[in-house]
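**Q** Below you will find the structure I want to go over with you.
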Amino acid sequence: MFRIWPTLGDSNSSATCFDHLQPLEKRFPGTTSWLCNDRITKSVLDPVFGSFTKSITSSQSVLLPPRKKKPPIHLTIEPGDYEHAGGLLLLAAAHQTGLITQLCEALPAGSATTRPPLASTSTILHQRLLLTLLFLGAAGLQRTWDLRGYTADGLALLTGRRQAYGYRYTEAFLSQVAHTNGAECLTNALVHWTTQLWHPLPDLTAPPLSLICYVDGHRKPVYSDVLIPRGVIGRLGVVLGCRALVLLHDEDGHPLLVTTHRGDQHLMVGLPSIITRYEENEGRVQVALPTKSS
């Protein structure tokens, strides 16, 4: 390592700025630097400085001892339940608000089918299967088909089992619920739960509750080999086979009811039916649509 020090003197003198090319340790005692031998120095500097490189001479190379690098600091956390903390919080909230209890009570009776697992009289079994369906997303799964290669323990932890249910058993339960009108029963239970959660009535003697609600529509694309009604997907801006969702929520944005319809159904067609269904399930609640002033 060399430093070029300019000379403040007569320009005609033999001393030039290049005469002061000296190793750093000669100009500053106590420091060390890399010194090149004559051959390497001449081959590098001769084309640039010409004859001035004769002032830079060294016969040996001085090597600095390698610096010791500081070991990187790694934060290590032992694996445990913290990996599924979000799912555990959702599970606690579902139990605390009574969602799991109401959904289990709304399941079709075992007499509706003679095949397990729905035909079983075990409440724990039904509850664990419901939790499996509800918390697929919390475990990073999109559908029951993904359970085929699932080997993690997160879903088992959330459902209270040593090992999560497999694809065939979970799909059989879901299919039986769908064929025994379970979707309608579970939707009605969900309506009752959302009303109790966001707008609880103090007692039975209280006057009917009037809610200002809004109705919104959404379409979800469905990729299937079977031809299904098509609609415009707003997020993609294309026409695809889809299902239309009609959502009823209060003025604070809390969802109260969601229903599924054909993909080509217009929102205004589903508006009266969702309001009627909500008022029929919650007899003491009346829906009032907002006016222009509100």
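**Q** Could you list 124, 275 in order of exposure, starting from the residue whose Cβ has the fewest other Cβ atoms within 10 Å? Working shown, then result.
**A** Details: 124 11, 275 19.
Going from sparsest to densest Cβ surroundings: 124, 275.
**Q** Could I ask something else about it? What's the whole-number percent of alpha carbon pairs in region 83-180 lying beyond 16 angstrom?
**A** Details: 2576 of 4753 pairs.
Cα-Cα pairs in region 83-180 separated by more than 16 Å: 54 percent.
**Q** Please list 3J(HN,Hα) in residue order for region 246-258, calculated via the Karplus relation 6.51 cos²θ - 1.76 cosθ + 1.60 where θ = phi - 60°; whole Hz, with x for glycine and proline.
**A** These are the phi-based 3J(HN,Hα) values: 10, 10, 10, 9, 7, 5, 8, x, 6, x, 10, 7, 9 Hz.
**Q** Place +1 on the Cβ of every Lys and Arg and -1 on the Cβ of every Asp and Glu in region 83-180, take the dipole about the Cα centre, and give the residue among 169, 103, 157 whose Cα lies farthest towards its positive end.
**A** 169
**Q** Neighbour counts of other C-beta atoms within 10 Å: give me 258, 246 arranged from fewest to most. Don't skip to the end; give the middle numbers.
**A** Working: 258 17, 246 22.
So the ranking, lowest neighbour count to highest, is 258, 246.
**Q** Quick check: net charge around residue 270, other residues with Cβ under 14 Å of its Cβ, Lys/Arg +1 and Asp/Glu -1? Show your work: numbers first, answer last.
**A** On the way: positive: 219, 243, 262, 277; negative: 216, 264.
Computed value for this residue: +2.
**Q** I would also like to ask the following. Quick check: net charge around residue 167, other residues with Cβ under 11 Å of its Cβ, Lys/Arg +1 and Asp/Glu -1?
**A** On the way: positive: 143, 148, 168; negative: 146, 171.
The answer is +1.
**Q** Still on this structure, please answer the following. Counting other beta carbons within 10 Å of each residue's own, what order do 198, 193, 145 fall into, fewest first?
**A** 145, 198, 193
Values in this text are rule-based calculations from the coordinates and carry no lab data. Not measured: the values here are computed from a predicted model. With ideal geometry, Cβ positions are generated from the backbone for all residues, glycine too; neighbour counts draw on all protein chains shown.
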